[in-house]
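The values are calculated or read from the model by the stated rules, or taken from the named source; none is laboratory data. Because the structure is a prediction, the values reported are computed rather than measured. A quick note on method: Cβ atoms are made from the backbone with ideal geometry, for glycine too, and the neighbour counts reach across all protein chains shown.
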Amino acid sequence: MSDPIGASVRRGGGYDRVTGRQKYVGDLHLEDLLHVKLVHLDVARARIRSIDTTAAAAFEGVRCVLTSADLGQPAPRFGPVYEDRPILALGETKYHGQPVAAVAAETKAAAEAAAELVRVDYEELPGVFTVAAALDPASPIVQEPELRPDDPLRRTNTLRERRYGWGNVDAARADLVVENKRIIARVLKLPLASVRIIAPDSGGAFGGKQHPKYEPLVAVLAQRTGRPVRLVLTLEETFQEVRRTSCEIHARTGFNADGTIAFQDIQSNFLMGAYADIAERVIAKSNYLACGPYRVPNARIIARALLSHTTPSTAFRGFGTPQVAWAHESQMDAAARQLGLDRVEIRLRNLARKGETFVPNDTPADGNWAESVRKAAAAIGWGTPLGPGHGRGIAVAIKESATTGASYAIVRLHWDGSATVLAGTSDMGQGARTVLAQIAANELRIPVESVRVVMGDTAVVPFDLQTSASRSTVFMGQAVMRACQDIKTQLGYDSPPLGEGRVGVSSTDLTDLLQTRFGAVRGEVIGVGSMRREYLAEHPLGEMASFYEFSCTASEVAVDPETGEVALVRHVTVADVGKAINPQQVQGQDEGAAVMGLGHTLMEHLILDDRGRIKNLGALDYRIPTSKDVPLEMCSLVVENADGPGPYGAKGAGEGGLMPTAPAVASAVTEATGVVIRDLPLTPERVWQEIQRHERGRQAGSDR
Amino acid sequence: MIRVTVNGSSHALDVMDSTTLLDLLRDRLGLTGTKECCDLGECGACTILVEGRSVNSCLVLAAEANGQSITTIEGVASDGRLNRLQDAFLEKGAVQCGFCIPGQVMAAEYLLRQNPHPSAADVKEGLCGNLCRCGAYEQIIEAVLAANQTSRESLSPSGGGQGGGR
Amino acid sequence: MHPFAYTRPATLSDVLALLDKHGGEACLLAGGTDLVVELRNRSRRPSIVIDIKQVKELAPTIGETERGLRIGATVVMADIEKDSRIRRHFPALVEAAATVGSIQIRNRATLTGNICHASPAADTAPALLVYGAEVNVASVRGTRRVTLDQFFVGPGKTVLKRGELVTSIDLPLADNRRAATFTRLTRRRGVDLATINLCCKVEAGGRTTFAYGAVGPRPFLATDDSGMLADPRASDAAKDEILRRLLTKATPISDVRGSREYRRAMLLVMSRRALRTAIDRLQDDRFPSPSTGGQDDRFPSPSGGGKGGGA
């Protein structure tokens, strides 16, 4: 039997996905189903004077029309941390597209027609749409102060201000101070497939499905009507449902003459939208590592979570890391330019070494990060001659992985030598089903094909906190491994450890063992395993990192100076994964993350008008990469030092390839054009504008 | 009343004139492998073949298909045997969350019927109307090129790969 | 979708009678790639949708007339791309048609629909304009022919009157040697709406014709009869001066696809490039034979990829 660990085993669930049999929520056939249509206004903030549902309720086939008036007093609010979000707009809409009513009807057509008959009398109000407005004391207050009566910040638009730091920034001496006043990571983004809300295998989530948005509404409608109810959002509506948190980061970084960092002084303002969702956690966690993977003797980080009259933001692949990486990597490049240092070298001089504590009282550096950087530099041909108009860039990023967590697994070893793994993980595309099967197969020494992984049915699977933060291979992987060990203990079946010269017990041996044990009456062995990490009261994030997701990207671009178009010539990602349990899936995740990262780097952004309305809802004017927008060459590499806390030394993967994309590409654009750009995305127009400004500056200089 | 042949079976159906072909397939015939996403013809998730031509079924009225022959993702595999493209998609790791995959397979099927030996650039062009938010384009392109290799070896439409040659 | 009645008449006279009867309540359906979207988002609410794809007089054929080619109302973009006569005589139209949406779209979208929709950014419009396309119109009252330049009025507006439909588009063959090219600027390389698009035609006699889209309420023509633009000996500065003068007709606006300033600047950049390509093609005997399929040829060769066939 070949070793299943490190093998590119075919995706579990893949057959159903290529044949169209995979059922997502929108595909499930439910008897007696009602269809829901939301009612929203084409304004951002508005006072609702009245809602007349008479005509809608009378429309043929309509079973329920719901407004917040139907939800009792006080109106229920929900949220994963802050319970601030009403089920439907309450008194006023707080962002463009917030539903004010919902219609449930027998057919989609009836729901749609009736939704149009809901009459809303409203008055548009001025709103808060930018960081500057959110910080301005004269601006309207987004959140009702009574929702946080004891909070001294309740009469501001700051939901929370986090302060992290060590050393003494004000006393720190530096030879060079690099200051960037306006680093805006306007990386706003939405998952294309997030129209499906809950499902056995949910489809791509990328963060958007992590916490409830419209689920309470659907539940209320089901309760009122006594019928199953389905809400399928239009793609336009998903843009108004969730987004990545936008931000402005002001970084002041001190460097010594040798390029080592003397201090980091960071102020970041994240515009989280009208409701907190999980965004405050995104801001807290990403800013906690706002200094990046570097040795920083003195640090001061002030991170504000600001409320605004814009779409609520939430977890999104990378969980705030792409934004802070854009800031710290822009600073490294600026210092390299001003100190005359190579951009790879300045990073190598500052990267924390394996085992070194780089954030006081937290997990030390858990990987050989310099190895990743050297690998990326070599693969991009760093230092070799470049064609005209070409440039290269390199960047790193680090994400605090899962902190606390609890994953439980049950493994049933059947009498014929096959096994069923019960795991609460959701296979949203990352391939958890496959990886968990590989782990069970390896531990039990049975073929991967003999393992079935059951997920997504809470009547069957044990508790799992969540599928998030690249945790599943580590957390659920460990739980499955331990459940298998439990089985082996029960059986007295001690398979040799993974390693060189291993001679596995063949599955025939195992079958003999099971049949001898159970005889004609038959039976099975049930193993239970878990992995938990508890809260640590004094830790600002509740617990130290279980591992770090470290990633390095190097990119070569060609820029058309006349049009500002950026072409990706070659793109390299390196992921420090500890151990690639399924190399093909790791590659798919990392390259997929890079392509998604190229989206927010080059084209994706939500454009608001001056009244806070999204001007580019939907697929027509919100551009994401297509098959023609991928780099001409892509190369994804891994570093495997078996130094992670997961099975066989694995760490999490899947977000890394996205995190340093923007700074790597921007650095390459700078080398190609001589222009430094601090705003994303790098659309042709923006690159062109910056080149023009640079040219004008140069001409003004030479005229004098 | 309209008559359509879907994956070789003929159906006579009474539909509202405003029903799209996508809704007909999904809601009336239960063929949910064809996905609904952007409703604009931008994402390609609803790609099917009508009279052998790839189309976005969200932009076709059911009534327009009266008398026509339709192939959906459910009609690509025969007797549980994956066709060469489906097999190559799995072999090359082109499937992640899976939502776009039926559309990708149908667009690729059309591409290979039009151009049995495409270059990588041809594949990129042929599939640029099928968005993949997982960003698996590299693997998808590889899969289509590999399926082309397979089809050269075996002319049977559902032939390649099952024998485990690769 | 708002409910409507669907009908699929078999003859042109039936279509015209229906149009006459229902007037503004009727919508014509050919490819449906614009109409079905508008029906779904309820921006159009006809009481009747008339599918013209089974009309025998409107069969999807590209015919030959004494003066040139006649493209029937139901001919789709994919057919335009494949037709050897269009490829030979009207290569810029092939280049333009190949950029319209994805292949799935081009398998449905008709050339006539693209024109009748009258989007200022319609990609086929600049090519049809420089080739002097004419539009054949029919109604119960009779038929008429208008030049495409006369046909466009404004965004979504044409000279078509109540009860009229376009039966075909005529493309006259050239009486002298000429070369043309289509190009456009987009936000990404894959399927996109044009930020600006243009077509440039250079004739052996020295006359140069440009047509521009997405930079005014309707696509428009701009012609230089001085011969300077086509003259290989003329200086870049002199050519720029003429181009700038031609471009004063452009009135771009700022929208989500680009600012007025960027569009203005790109008009000059893209015009220069298109002019160079057209002149090169005029001098190249092997031309015409346009590269197909919207290959990514808008970029100066990022080392070794994506370039289409020679030309």
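A few comments on the model shown:
- Lone unmet requirement of (1) in a helix (DSSP H, G or I); (2) of a type in the set (Ser, Thr, Tyr); (3) without any contact (Cβ under 8 Å) to a residue 60 or more places away in the chain for A:THR670: (3)
- The combined condition, being within 14 Å of chain C (Cβ to nearest Cβ), touching a residue at least 60 places away in the same chain (Cβ under 8 Å) and either buried (at least 21 other Cβ atoms within 10 Å of the Cβ) or over 28 Å from A:ALA558 (Cβ atoms) (or both), is fulfilled by A:GLU685.
- Restricting the search to helices (runs of 4 or more DSSP H) fully inside region A:258-359 and requiring at least 3 residues that are over 22 Å from the mean Cα position of the chain (by Cα) and basic (Lys, Arg) gives A:343-350.
- Residue match in region A:624-637 (condition: within 14 Å of chain C (Cβ to nearest Cβ), closer than 30 Å to C:ARG272 by Cα, at pLDDT below 95 and surrounded by fewer than 21 Cβ atoms within 10 Å (Cβ to Cβ)): no
- Residue satisfying condition, being assigned by TED's automatic domain parsing to the domain that holds B:ASP39, modelled with pLDDT of 95 or more and of a type in the set (A, V, I, L, M, F, W, C), within set B:ALA65, B:ALA108: B:ALA65
- Residue in region A:8-16 that is of a type in the set (Lys, Arg), within 25 Å of A:THR238 (Cα to Cα) and either touching a strand residue (DSSP E or B) at 6+ places or on another chain (Cβ under 8 Å) or within 14 Å of another protein chain (Cβ to nearest Cβ) (or both) present: no
- Considering only residues in region A:170-195 that are β-branched (Val, Ile, Thr) and under 31 Å from the mean Cα position of the chain (by Cα), the one that is modelled with the highest pLDDT turns out to be A:VAL178.
- Residues in region C:8-30 that are closer than 23 Å to B:ASN56 by Cβ and more than 8 Å from chain B (Cβ to nearest Cβ): C:CYS27, C:LEU28, C:ALA30.
- Of all residues in region B:138-150, those that are within 18 Å of A:VAL572 (Cα to Cα) have Cβ atoms under 8 Å from Cβ atoms of residues that are surrounded by 19 or more Cβ atoms within 10 Å (Cβ to Cβ) and acidic (Asp, Glu), 6 or more apart or on another chain, in B:GLU138/A:GLU591; B:GLN139/A:GLU591.
- Selection over region C:31-47 of residues that are at the interface with chain B (Cβ under 10 Å from one of its Cβ atoms) and loosely packed, with under 15 Cβ neighbours inside 10 Å gives a count of 1.
- The residue that is farthest from the chain's Cα centre (by Cα), counting only those in region A:220-245 that are part of a loop (DSSP other than H, G, I, E, B) and farther than 28 Å from A:ALA305 by Cβ, is A:GLY226.
- Flag if A:GLU31 is acidic (Asp, Glu), in contact with a helix residue (DSSP H, G or I) (Cβ under 8 Å, 6 or more places away or on another chain) and within 14 Å of chain B (Cβ to nearest Cβ): no
- Identity of the residue in region C:48-86, in a helix (DSSP H, G or I) and closer than 20 Å to C:ASP175 by Cβ, that ends up nearest to the other protein chains (Cβ to nearest Cβ): C:ILE86
- Of the helices (runs of 4 or more DSSP H) contained entirely in region B:54-149, those carrying at least 2 residues that are surrounded by 24 or more Cβ atoms within 10 Å (Cβ to Cβ) and within 14 Å of chain C (Cβ to nearest Cβ) fall at B:101-114, B:120-126.
- With respect to the conditions (1) crowded, with 24+ Cβ neighbours inside 10 Å; (2) over 22 Å from the mean Cα position of the chain (by Cα); (3) outside any loop (DSSP other than H, G, I, E, B), A:ARG570 falls short on a single one, namely (1).
- Of the residues making up region B:38-53, those that are within 12 Å of chain A (Cβ to nearest Cβ) and surrounded by fewer than 24 Cβ atoms within 10 Å (Cβ to Cβ) number 3.
- Filtered residue count, region B:4-37, keeping only those that are buried (at least 20 other Cβ atoms within 10 Å of the Cβ), touching a residue at least 60 places away in the same chain (Cβ under 8 Å) and of a type outside the set (Ser, Thr, Tyr): 5
- Count of residues meeting criterion [charged (D, E, K, R) and free of Cβ contacts under 8 Å to residues at least 24 places away in the same chain] in region A:510-530: 1
- Considering residues of region B:1-37 that are within 14 Å of chain A (Cβ to nearest Cβ) and small (Gly, Ala, Ser) only, the residue farthest from B:SER69 (Cα to Cα): B:SER18
- Restricting the first member to region A:96-124 and to residues that are in contact (Cβ under 8 Å) with a residue 40 or more places away in the chain, and the second to residues that are buried (at least 24 other Cβ atoms within 10 Å of the Cβ) and among the basic types (Lys, Arg), the beta-carbon pairs closer than 6 Å and six or more apart or on different chains are A:VAL103/A:LYS37; A:ALA111/A:LYS37; A:GLU112/A:LYS37; A:ALA115/A:LYS37.
- Looking across region A:423-445, not a single residue is away from chain B (no Cβ under 14 Å), under 12 Å from A:ILE581 (Cα atoms) and within 20 Å of the chain's Cα centre (by Cα).
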